[in-house]
Amino acid sequence: MISILDFTRDDLEKLFEETDNMRKRLDEGNVPKILSNSIIALAFFEPSTRTRMSFETAAKRLGANTISFTSEEAISVSKGESFADTIRMLDGYSDLIIVRHKYEGAALFAAEIAKAPVINAGDGKQHHPTQAMLDLYTIRYLKGTVDDLVIGVLGDLKYGRAAASFLLGLTHFRPRRIYLISPQELKLRPEIKELLMERGLNIKELNSLVDVLPELDILYVTRIQKERFPDLREYEKVKGSYRISSKLLFSLAKKDLKILHPLPRVDEISYDVDSTSFAAYFTQARLGVPLRMALLKLILLGGES
Amino acid sequence: MISILDFTRDDLEKLFEETDNMRKRLDEGNVPKILSNSIIALAFFEPSTRTRMSFETAAKRLGANTISFTSEEAISVSKGESFADTIRMLDGYSDLIIVRHKYEGAALFAAEIAKAPVINAGDGKQHHPTQAMLDLYTIRYLKGTVDDLVIGVLGDLKYGRAAASFLLGLTHFRPRRIYLISPQELKLRPEIKELLMERGLNIKELNSLVDVLPELDILYVTRIQKERFPDLREYEKVKGSYRISSKLLFSLAKKDLKILHPLPRVDEISYDVDSTSFAAYFTQARLGVPLRMALLKLILLGGES
Amino acid sequence: MISILDFTRDDLEKLFEETDNMRKRLDEGNVPKILSNSIIALAFFEPSTRTRMSFETAAKRLGANTISFTSEEAISVSKGESFADTIRMLDGYSDLIIVRHKYEGAALFAAEIAKAPVINAGDGKQHHPTQAMLDLYTIRYLKGTVDDLVIGVLGDLKYGRAAASFLLGLTHFRPRRIYLISPQELKLRPEIKELLMERGLNIKELNSLVDVLPELDILYVTRIQKERFPDLREYEKVKGSYRISSKLLFSLAKKDLKILHPLPRVDEISYDVDSTSFAAYFTQARLGVPLRMALLKLILLGGES
């Protein structure tokens, strides 16, 4: 489980059905402990409280146990021995390894070494497949389908792993149009853009949200990190254009626009949006648990229920 | 569950009975896994190994799972996003949230945001309700009752969260007399003192333990932190008066005096006291597990057994 | 469980049989949750990701729960209160305490304080009994026996806890000959060497592996830490002689030589050895789980199955 491109639309539909099932079980407080014989290793070489906790909750809801190292231990592990030796250790202890790493390819390398299945929980600048699955599932949950929608993706499209992975995931579906909204400095990398177009996505790049906001069914917001700008004045100039307020939404957006965000947010979405019907990001975060439960089940137990 | 004042005496009596029950189950090695469908989030924004481990043990004894972040992660979480967003994340994953925070009101704020119940595991300078419950239960366990006792509370009464919370808890009972024993600089805050008197406690403040030690049934000791004194010479002057030795106890105390301490201690109780019958602080720490088990059960499953 | 010398050969044989049993259960995916009523405290005052995870996996495979502090918390715990008070806290919460500490005697001291059983997961410079058990079990697993073998122990024999503990463990068996291979500066301490000889081991010390490599059935490699050398030039001189390559092995070693290493390794064994039949260190690491499962079972439940 390295990239969202490794999956077919059918794989995703199957996963989403299982997620529906898990969601129902959670609502009923009736989750069978089908993974009680499994140990899942959380190998987070790069810290990520949200993704880690989401996986950990999913595992524990299904009765699995987890082993993990803290970010501090991850650093000392990385210093003391090779990544390969660490993965081999975890492979000796656990039934599934979830890897997060700042370098592209780390999860793939782990998968080549380990006998146990490996899930990529984010590596490098493009791949975060379970986030993409969650994003797609959330849209299906909110809108009934991912097809035929007009979707805006806003923020740092150059370095943001979640946005790139979401866009790659969209190639499995047939959205009507995708708007890529970012400052010039943070445009999507050309190689990913080409890949998206090759795979049939109808893409348009622009700098400003305002013009297209009225058309959108879904707005996917990501953070713009100050540190990405070589010149702070550049950042100061653009930042206001990428901040979503309830005033803006009520004046321009469709009533049933839904806003997603991989979280954590800093100030790109005002807090006054939280209580509006536009805000879907907390629902999205919450759905991460049943989605990852479904994924763990499918990987560890296969398709049978 | 924010403040010990949110409870009635009846609530506490019910909790104490359930604690008796849990204690019996633990002794028999026969604890039913009644919380095996629950995930409990430990949101410790301020580190506390003891309180965290006590809650974690209680949860796990009952079959619940826990998710938590390390103190290092807590810092980065706090930097990256708002407290409210973090609580919302945990609310999406778990069935109960246990919050510890250095700022007063953090647990209340969390309770307003979350759909899941919130337990305050210590915030600000006054509230640490589960510690107060444990202190009161320990006294009842040792003496059969909290009423009619003469109780000394010694140490830092100004900044010490445990002492303040214990005193607030005592207002649910009818101790005969409370002695507040502290250096001038660390006297109980006037607003809390007034509250205690309004609620009918018979309080007397003094600087020295020696005069009242012979009267005491219970002596509650807390740490005096050097850092609290603007002038280190002031600290050096007083510290000797607030150090309990077995010699002092054998010469002045009642035979059945029991000493409590929320722990950790540094040097306010000599190690030679540990092996005397006065020492009840390790028993107190140990009782934290059945008390928190009872509390988790009552909150998550309600009153029925 | 403080030192490997506390055991008899019969104890070890019994442990190894139970380990065989656990290994079989793991292979079948059929591990009974016999410790589901147990809480195991991992008191790692010195960090050790491998040993901690191995114990944690073993505990969880058997259904036990664990509580632990992070290495950061361990430091603050150590600053704030005495080791004895920390052990007493853990003793109040858990059914078994696993201690790791840099000071010799810490585990023994913990065992004197706690009512719960204590396992030494490494303290000081000699004792790491569960590592020694694992090393001996691995040899038995690979060779059918520990007796009658020619065994080389290479690396830092002066400060290396694993090597010393392994050598002490060998005194329970009758290996044909033991070669101690190390630079002059890192020779085994005389008191341990004497103990080994008193207990009947046939020992020979030397500086170079090459001469004896053709004789060896087992080569136990440990790391030589640069920091041990007062003069870095000394280190540079010797380090090449203590690096094992597949070329060296194929030209000089017996075909069925097996190489052990307590791990983590840095560069003392080339990566090209990993894929040869000589490499047994990953098997050894993997066997740590069933061995520790067996140990936990025998300690917490006694001999009956």
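The values are calculated or read from the model by the stated rules, or taken from the named source; none is laboratory data. Quick caveat: nothing in here was measured; it's all calculated off a predicted structure. All Cβ positions, glycine included, derive from the backbone under ideal geometry; neighbour counts span all protein chains shown. When the accessible area is computed, the model is the full protein with side chains, heavy atoms only, and any ligands, DNA or RNA have been set aside. Shrake-Rupley method; radii C 1.70, N 1.55, O 1.52, S 1.80 Å.
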**OP:** Look through B:Ala279, B:Ala285 and report the one residue that is within 12 Å of another protein chain (Cβ to nearest Cβ) and surrounded by fewer than 23 Cβ atoms within 10 Å (Cβ to Cβ).
**Re:** B:Ala279
Subject >> Answer residue from the range A:249-267, given it is under 23 Å from the mean Cα position of the chain (by Cα) and open to solvent by less than 10 Å² (accessible area, probe 1.4 Å) and is modelled with the lowest pLDDT among those >> reply: A:Arg265
**OP:** For residues that are open to solvent by 50 Å² or more (accessible area, probe 1.4 Å) and of a type in the set (S, T, N, Q), scanning just the range B:49-82, find the one that is nearest to the other protein chains (Cβ to nearest Cβ).
**Re:** B:Ser76
**OP:** Evaluate the range B:4-25: report whether one residue or more is open to solvent by 10 Å² or more (accessible area, probe 1.4 Å), away from chain A (no Cβ under 14 Å), within 25 Å of A:Asp267 (Cα to Cα) and of a type outside the set (Val, Ile, Thr).
**Re:** no
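Looking at the range A:181-199 only, could you name the residues that are open to solvent by 60 Å² or more (accessible area, probe 1.4 Å) and not polar (S, T, N, Q)?
A:Glu185, A:Lys187, A:Pro190, A:Glu191, A:Glu194, A:Met197, A:Glu198, A:Arg199
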Original post:
within 13 Å of chain B (Cβ to nearest Cβ) and crowded, with 18+ Cβ neighbours inside 10 Å: does that describe C:Asp91?
Top reply: yes
**OP:** Only residues in the range A:21-32 that are under 10 Å from A:Pro290 (Cβ atoms) count as the first member; pair them with residues that are assigned to a loop (DSSP other than H, G, I, E, B) and open to solvent by less than 80 Å² (accessible area, probe 1.4 Å), Cβ under 8 angstrom, at least 6 apart or cross-chain, and list the lot.
**Re:** A:Met22/A:Val31; A:Arg25/A:Val31; A:Arg25/A:Pro32; A:Val31/A:Leu62
**OP:** Quick one: in the range A:1-11, of everything that is over 14 Å from the mean Cα position of the chain (by Cα) and not charged (D, E, K, R), which residue is nearest to A:Ala114 (Cα to Cα)?
**Re:** A:Phe7
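Restricting to the range C:237-248, and then to whatever is open to solvent by 80 Å² or more (accessible area, probe 1.4 Å) and within 19 Å of C:Ile269 (Cβ to Cβ), can you tell me which residue is nearest to the chain's Cα centre (by Cα)?
C:Arg243
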Subject >> Filter pass, C:Thr138 being outside the structural domain of C:Arg9 (by TED's automatic domain parsing), of a type in the set (Val, Ile, Thr), closer than 30 Å to C:Ile269 by Cα and surrounded by fewer than 20 Cβ atoms within 10 Å (Cβ to Cβ) >> reply: no
Subject >> Tally, over the range C:141-175, of residues that are polar (S, T, N, Q), over 19 Å from C:Pro290 (Cα atoms) and open to solvent by 10 Å² or more (accessible area, probe 1.4 Å) >> reply: 1
Original post:
Limited to the range C:210-235, what total is found for residues that are touching a residue at least 40 places away in the same chain (Cβ under 8 Å) and under 22 Å from the mean Cα position of the chain (by Cα)?
Top reply: 11
Original post:
Among the residues of the range C:26-48 satisfying the criterion of being more than 14 Å from chain B (Cβ to nearest Cβ) and closer than 24 Å to A:Ser71 by Cβ, which is most open to solvent (accessible area, probe 1.4 Å)?
Top reply: C:Glu46
Subject >> the range C:206-236, residues that are surrounded by fewer than 17 Cβ atoms within 10 Å (Cβ to Cβ) and under 22 Å from C:Asp135 (Cβ atoms) >> reply: C:Leu206, C:Glu215, C:Gln225, C:Arg228
Original post:
Name the pairs: first residue in the range A:95-115 and open to solvent by 30 Å² or more (accessible area, probe 1.4 Å), second residue assigned to a helix (DSSP H, G or I), Cβ to Cβ under 6 Å, at least 6 apart or on different chains?
Top reply: A:Ile113/A:Ala84; A:Ile113/A:Ile87; A:Lys115/A:Asp91
